[in-house]
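Student: Could you have a look at this structure, given as C-alpha cells, before my questions?
The values are calculated or read from the model by the stated rules, or taken from the named source; none is laboratory data. Here the structure is a predicted model, which is why all the values come from computation and not from measurement. Here Cβ is always computed from backbone atoms with ideal geometry, including for glycine, and neighbour counts include all displayed protein chains.
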Number of protein chains: 2
Amino acid sequence: MNVTIIGLGLIGGSIAKDLKKSGFSTKLIGVDNNEAHAQKALEIKIVDEVLPLEEGVKRADLVVIAIPVDKIKSIIATVLDNASSGTTVTDMGSTKKEIVELIADHPRRKNYVPAHPMSGTENSGPTAALEGLFAGKIAIICNQEHSGPQHLALIEKMFQALGMNIAYMSADEQDHSTAFISHLPHAAAYALANAVQAKEDRSIIFDLASGGFRSTVRLAKSTPTMWGPIFQQNKEYILESLEVYIKHLQEFKDSIENDEDKMYSLMDNATKIRSVLDGKNPSLIKNEEKIVKFYTK
Amino acid sequence: MNVTIIGLGLIGGSIAKDLKKSGFSTKLIGVDNNEAHAQKALEIKIVDEVLPLEEGVKRADLVVIAIPVDKIKSIIATVLDNASSGTTVTDMGSTKKEIVELIADHPRRKNYVPAHPMSGTENSGPTAALEGLFAGKIAIICNQEHSGPQHLALIEKMFQALGMNIAYMSADEQDHSTAFISHLPHAAAYALANAVQAKEDRSIIFDLASGGFRSTVRLAKSTPTMWGPIFQQNKEYILESLEVYIKHLQEFKDSIENDEDKMYSLMDNATKIRSVLDGKNPSLIKNEEKIVKFYTK
C-alpha cells in the first residue's frame with residue numbers, strides 16, 4: 001500500500017517509521033514544503049520518495065496529513081480534490097472542529113477520517129522522529145459516522161499498526177477534552193516559563209532547576225508554529241480552560257494566604273490525580289485487547 | 001563517623017544509602033517517630049540502628065534532619081540542645097528563613113549548617129529512597145558565615161559524597177529563588193490537577209493523558225504533609241510567585257483572545273527556557289570540577 005505523508009516532522013516522521021517497520025506500508029511517499037526537511041527525510045530513509053503535494057496525493061492509497069492545524073485547513077480541500085474515490089485521507093491535528101466544518105460539504109468527505117493521536121515530544125523536525133512514539137497511547141477518531149466504513153476501517157488498522165488504542169468522540173468533545181488535558185498544560189507551561197524568566201536570572205534558573213521544574217516547563221520548549229494555531233483554532237475551549245485554571249490557582253493562593261485547612265483540602269483533592277493516572281496503564285495492554293471507547297452519546 | 005538521620009523518608013533514606021555506599025558514614029543511626037517507617041528502614045538496611053531523638057543526637061558526629069519543614073521547626077532547638085560541641089547539625093528543608101531565625105541565638109548556632117538539596121521525586125517513605133538521587137544536582141547552603149568552618153567543611157564534604165554541586169546564598173535569597181523555581185511549579189501542578197478534575201471525568205483524563213499532561217501534573221502527586229508546611233513557611237514569596245504566574249497566565253489568555261502577534265511573542269519568549277535548561281548540564285560535570293557559586297552579594 002502506498003502511504004503519502006504530508007509533513008515530515010516529529011509526528012509524520014514517527015508514523016512513517018512505524019508504518020514501514022510494521023509492514024503496513026510498502027511504499028512511503030513524503031510531501032513537505034520545507035525542502036531541507038524533505039531532503040533530510042529521504043537521507044535518513046523515513047520516506048522512499050518525495051513528491052509535490054498533488055502528485056503525492058494522486059499516487060496514494062492513504063494520505064496522512066501531519067502539519068500544523070492552520071496548514072491543515074489551508075490544504076485539506078486540495079488534498080480531497082486530488083484524492084481518487086478509493087483514497088483514504090486522515091489528519092493528525094490536535095484540533096478537529098474547524099477542520100471538519102471546513103470540508104463538511106466536500107464531495108469526498110466520506111474519504112476523510114479526522115483523527116488525533118495523543119502523543120508527541122517537545123522536539124520537532126524529521127530528526128526528532130521516533131520509533132514507537134505512539135505505542136500504548138490513545139488515538140481519537142472524530143465523527144466516525146461521517147466517514148465511509150472502508151476508510152474508517154483503514155484508519156483503525158493504521159492506528160493498530162502504530163500500537164494505539166482508539167477512542168471515538170465528536171469533534172466538539174475532542175476539542176473540549178484536549179483543551180483541558182493537552183492544550184491547557186502547554187499554555188500553563190509557556191506562562192510558567194515566562195513568569196520564572198521574568199523574576200530569576202538565567203544562571204540561577206539553570207543551577208536550581210531540579211527534576212520538578214524541568215518536567216513542568218518541558219512543554220514550554222514546544223514550537224510556537226505548531227501550538228499557536230492550536231490555541232487559535234481551539235480558542236473558545238482554551239480560553240475556558242485557562243479561566244478555570246486561573247480560578248483554581250487564585251483559590252489555592254487565597255487558601256495559602258488565609259485558610260490553611262482549605263489549602264490542605266485542595267491539595268488532598270489534587271493528589272487524587274495519582275489514582276487517576278496510575279490506574280491500569282493502556283501501554284501495558286496488548287494490542288489485541290485494545291481499549292475501544294465510544295464517548296459520543 | 002556516626003551519622004544520625006532524623007526522618008527516614010525519601011530524602012533521609014536516599015541520603016543514608018549514598019553516605020553508606022560512599023564510605024562517608026561508618027555507622028548510620030535512624031530516628032523516626034513513625035514506628036512503621038523506622039522498622040521498614042531497619043529491615044531494608046537503610047540504617048544500622050534506630051534510636052529515640054535525644055539519644056540519636058547524642059551519639060552522632062553529624063545529624064541530618066530530613067523531615068517536613070514544620071517538624072524541623074518543632075525539633076531543631078532540641079537537636080541543638082542535645083548536640084555536643086563537636087557535633088555538626090544540618091537540615092534538608094526546602095525553606096530556610098524561618099528555621100534560621102528560630103535558632104539565631106542558640107548557643108550551638110555555629111554547629112548548624114542550613115541546607116537544601118534540590119532533588120526529589122513525587123514519592124515518599126523509606127521504600128521511596130533511591131541511590132544516586134542527588135548526583136549532579138545542586139545543594140544550597142545558606143548563611144555560611146554563621147556556621148563554624150569545621151561544620152561547614154563537613155557538610156560540603158557530605159554533599160560531595162552525594163555527588164552534588166554546591167551553591168551558597170542567604171536564607172532569604174534561597175527562599176525567594178526556590179519559591180519561583182520549585183514551590184511555584186508544585187502549586188501550579190496542584191491547581192492544574194484540580195482544574196482538570198473539576199471539568200473532565202476520570203475515565204477521559206486517564207485515557208487521554210499523554211506524556212505532556214503526565215509530566216505537568218506529576219508534582220501534584222506530592223504529599224501535602226511535606227508541601228503544605230513549605231507553602232506556609234514561605235508564604236510571602238510563594239504568594240508573590242503565584243501572583244506573577246497568574247498575571248502571566250492572564251496576559252497569555254488575553255493574547256490568545258485578542259492579539260495573535262503578542263501570543264506568538266510570548267510563546268517565543270517562553271521557548272527561551274530551552275536554552276536556559278539545555279546549557280552545560282551539571283550532572284555531566286565530574287565532582288572534582290564541581291561548580292561552587294556564591295550568590296550572596
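Student: Working only within the stretch A:45-66, note down all residues that are more than 23 Å from A:Lys157 (Cβ to Cβ) and crowded, with 17+ Cβ neighbours inside 10 Å.
Tutor: A:Val50, A:Leu51, A:Leu53
Student: Still on this structure, I have one more. Tell me, which residue of the stretch B:171-210 that is under 18 Å from A:Phe206 (Cα atoms) and hydroxyl-bearing (Ser, Thr, Tyr) is surrounded by the fewest Cβ atoms within 10 Å (Cβ to Cβ)?
Tutor: Result: B:Ser182.
Student: Which one of B:Thr95, B:Thr90, B:Thr121, B:Thr127 is away from every other protein chain (no Cβ under 11 Å) and surrounded by fewer than 19 Cβ atoms within 10 Å (Cβ to Cβ)?
Tutor: B:Thr127
Student: Restricting to helices (runs of 4 or more DSSP H) lying wholly in the stretch B:174-217: which have 2 or more residues that are within 22 Å of the chain's Cα centre (by Cα) and assigned by TED's automatic domain parsing to the domain that holds B:Phe231?
Tutor: By residue number, B:184-199, B:211-217.
Student: Does A:Leu42 qualify as being surrounded by 19 or more Cβ atoms within 10 Å (Cβ to Cβ) and touching a strand residue (DSSP E or B) at 6+ places or on another chain (Cβ under 7 Å)?
Tutor: The answer is no for A:Leu42.
Student: Next question, about the same structure. Does the stretch B:178-185 contain any residue that is closer than 24 Å to B:Pro224 by Cα and of a type in the set (Phe, Trp, Tyr)?
Tutor: There is at least one residue in the stretch B:178-185 that is closer than 24 Å to B:Pro224 by Cα and of a type in the set (Phe, Trp, Tyr).
Listed here are the residues, each with its yes/no results for (1) at pLDDT below 95; (2) exposed (fewer than 15 other Cβ atoms within 10 Å of the Cβ); (3) touching a Phe, Trp or Tyr at 6+ places or on another chain (Cβ under 7 Å); (4) of a type in the set (Phe, Trp, Tyr).
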| residue | (1), (2), (3), (4) |
| --- | --- |
| A:Gln233 | no, no, no, no |
| A:Glu240 | no, no, no, no |
| A:Tyr245 | no, no, no, yes |
| A:Glu251 | no, no, no, no |
| A:Ile256 | no, no, yes, no |
| A:Thr271 | yes, no, no, no |
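Student: Test A:Ala139 against the stated conditions and say whether it is part of a loop (DSSP other than H, G, I, E, B) and more than 9 Å from chain B (Cβ to nearest Cβ).
Tutor: Answer is no for this residue.
Student: I need a count of the residues in the stretch A:248-277 that are assigned to a helix (DSSP H, G or I), more than 7 Å from chain B (Cβ to nearest Cβ) and either more than 17 Å from B:Gln232 (Cβ to Cβ) or out of contact with any helix residue (DSSP H, G or I) (no Cβ under 6 Å at 6 or more places or on another chain) (or both).
Tutor: Here the count works out to 6.
Student: Across the stretch A:218-247, which residue is nearest to A:Gln174 (Cα to Cα) among those that are more than 9 Å from chain B (Cβ to nearest Cβ) and more than 15 Å from the chain's Cα centre (by Cα)?
Tutor: Only one residue tops the list, namely A:Tyr237.
Student: Now, a different point. Of everything in the stretch B:152-173 that's outside any helix (DSSP H, G or I) and in contact with a Leu (Cβ under 9 Å, 6 or more places away or on another chain), which residue is farthest from B:Ile230 (Cα to Cα)?
Tutor: Among them, the one singled out is B:Leu162.
Student: Would you tally the residues in the stretch B:18-39 being of a type outside the set (A, V, I, L, M, F, W, C) and either buried (at least 22 other Cβ atoms within 10 Å of the Cβ) or in contact with a Gly (Cβ under 8 Å, 6 or more places away or on another chain) (or both)?
Tutor: 5
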